[in-house]
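Working notes, structure below.
Every number in this text was worked out from the coordinates using simple rules, so none of it is lab data. Since we're looking at a predicted model, the values are computed, not measured. Positions of Cβ are generated from backbone atoms using ideal geometry, with glycine treated the same way; all protein chains shown enter the neighbour counts.
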């Protein structure tokens, strides 16, 4: 599911500004399907880990309150252009979403 | 007497190093910490905050929250937060009036700035609360976002 994640990392001074966009419905489990009138089961990304050159820089736990097609922005100090930023996300059903980008 | 003390220390040391090894091994086997189900399913803001480990926080203006004053669409509300408190290691976002107030919990390491930008769902007009942990203490700040169309379906 590599295309489910879009990433961009740009240097601002000596800080890498990382932006991540993941395609995911982020269903809360409380909404009803308008056609079948049945509850749409909860389906959401709940864990995200970001690394810089393989070193963990951010660990996140998410609930159902993150908006659909989640956006995440963070900044890593001391990075330089050419460094590799990777993001691994997992949803509540165990599906994995991975992305990697070189800092511009 | 001295001998007894010595053997006692020895065994205590052995137990001590054993627990250290065990605690090192634990996070290595589980790559990320287990998802905090208790906190994420808490319905009351106070419960969500304490279950996430951000209870007893001091109000602090050093936590900057950027969010719209009025959100036309509660399904997508941009929120970003910066903590200017030195030694901030983690940050959590709460939307107090949501059915599940805890939105996300972030841990910073290896030079990541105490800054997060994301988009949240808001069921209705609510306080958006950002809490942080720094040097063993908890700090918090909040800001109201008015929602004209709710986006949580709950």
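Is there a simple number for the mean count of other chain Cβ atoms within 10 Å of the Cβ of residues in A:73-80, and what is it?
Averaged over the peptide's residues, the number is 5.
Taking N as the number of residues in the range B:37-147, what is its Cα Rg relative to 2.2 N^0.38 Å?
For the range B:37-147, the normalised Cα radius of gyration is 0.98.
Any chance you could tell me what percent of the C-alpha pair distances in chain A go past 21 Å?
38
Ordered by packing density, taken as the mean number of other Cβ atoms within 10 Å over each peptide's residues, highest first, how do B:94-101, B:120-127 rank?
B:94-101, B:120-127
Which order do peptides B:65-77, B:131-143 fall in by mean Cβ count within 10 Å, highest first?
Result, highest mean first: B:131-143, B:65-77.
Within a 10 angstrom radius of the beta carbon, how do A:93, B:102, A:52, A:39 rank from fewest other beta carbons to most?
Starting with the residue having the fewest Cβ neighbours, the order is A:93, A:39, A:52, B:102.
Among B:108, A:44, A:71, what is the fewest-to-most ranking by other Cβ atoms within 10 Å?
A:71, A:44, B:108
For peptide B:97-109, compute the average count of partner chain beta-carbon atoms within 10 Å of each residue's beta-carbon.
Per-residue shielding by partner chains comes out at 6.
Ranked by Cβ crowding within 10 angstrom, fewest neighbours first, how are A:68, A:55, B:107 ordered?
Sorted ascending by nearby Cβ count, the order is A:55, A:68, B:107.
What's the extension gain from residue B:43 to residue B:59 if we count 0.36 nm per residue and subtract their Cα-Cα distance?
3.5 nm
Over the whole of B:81-93, what's the average partner chain Cβ count within 10 Å per residue? Rounded to a whole number, please.
Per residue, the number of nearby Cβ atoms from other chains is 1 on average.
Going by the alpha-carbon gyration tensor, a ≥ b ≥ c the square roots of its eigenvalues, is the range A:23-72 rounded (a/c under 1.5) or, if a/c is not under 1.5, prolate (a/b greater than b/c) versus oblate?
Prolate shape, in that a/c is at least 1.5 and a/b is the bigger ratio.
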